[in-house]
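Working notes for the structure below.
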């Protein structure tokens, strides 16, 4: 059957609308729309997001979105997109319930009983220690001493070693802008991201190694990624450690 990307492109060209116009109105990254028209589903986010792209695309063209979605589903069923039907995003994938001993009533009862017993032992031990401690003569209570962290001067003189894990992943110093929060994202590997500043429109991007994207907001951001181990974040001058593992899906809010 006709390529789905070619079908979308023909609809757009019939109406004299450019891909840039659709990208600006839908807030979908130009690269994702271009991949969609080229049938490059291997470079696009999971199918649940692609269906959202298709629906927004059709809406901007003034075409019945359900009809376009139906054609998209038929294109997948006809085998034009190998293995695409089963390649779902981990967050949205559903599995049938599995019955096991862990989910049984017996396991729940045993676990509850063990918890109650452990709590009783803990309380009994604590009361006993307190009673014995208060009745010991001539023994003073221990004191706690707070040790301050090493001063910057001590680090410079060599008395304290620098933590290798504290080294920044960014080559540039933190950016600042009066009255705005700055989010900097650097890709260590190919990664799809979706960033929504405050309550405004979201932007979706496909980042490649060493790409750096900068976003601003008044308060904060909602972030989604399909490769938590492939990006590093610096928000409001503070750099965050690795968010997760390679190809792990993640959603988070800043601050």
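Test residue 228 against the criterion of being in contact with a helix residue (DSSP H, G or I) (Cβ under 7 Å, 6 or more places away or on another chain) and surrounded by 11 or more Cβ atoms within 10 Å (Cβ to Cβ), and give yes or no.
no
So, of the residues in segment 1-25 that are within 12 Å of residue 71 (Cβ to Cβ) and in a loop (DSSP other than H, G, I, E, B), which turns out to be nearest to the chain's Cα centre (by Cα)?
3
Table: residues versus (1) loosely packed, with under 14 Cβ neighbours inside 10 Å; (2) assigned by TED's automatic domain parsing to the domain that holds residue 33; (3) out of contact with any strand residue (DSSP E or B) (no Cβ under 8 Å at 6 or more places or on another chain); (4) within 20 Å of residue 50 (Cβ to Cβ).
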| site | (1), (2), (3), (4) |
| --- | --- |
| 185 | no, no, no, no |
| 193 | no, no, no, yes |
| 196 | no, no, no, yes |
| 204 | no, no, no, yes |
| 212 | no, no, no, no |
| 246 | yes, no, yes, no |
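Determine if segment 39-48 includes at least one residue that is assigned to a helix (DSSP H, G or I), in contact (Cβ under 8 Å) with a residue 60 or more places away in the chain and touching a helix residue (DSSP H, G or I) at 6+ places or on another chain (Cβ under 7 Å).
For segment 39-48, residues assigned to a helix (DSSP H, G or I), in contact (Cβ under 8 Å) with a residue 60 or more places away in the chain and touching a helix residue (DSSP H, G or I) at 6+ places or on another chain (Cβ under 7 Å): present.
The values are calculated or read from the model by the stated rules, or taken from the named source; none is laboratory data. Remember, it's a predicted structure, so these values are computed and weren't measured experimentally. All Cβ positions, glycine included, derive from the backbone under ideal geometry; neighbour counts span all protein chains shown.
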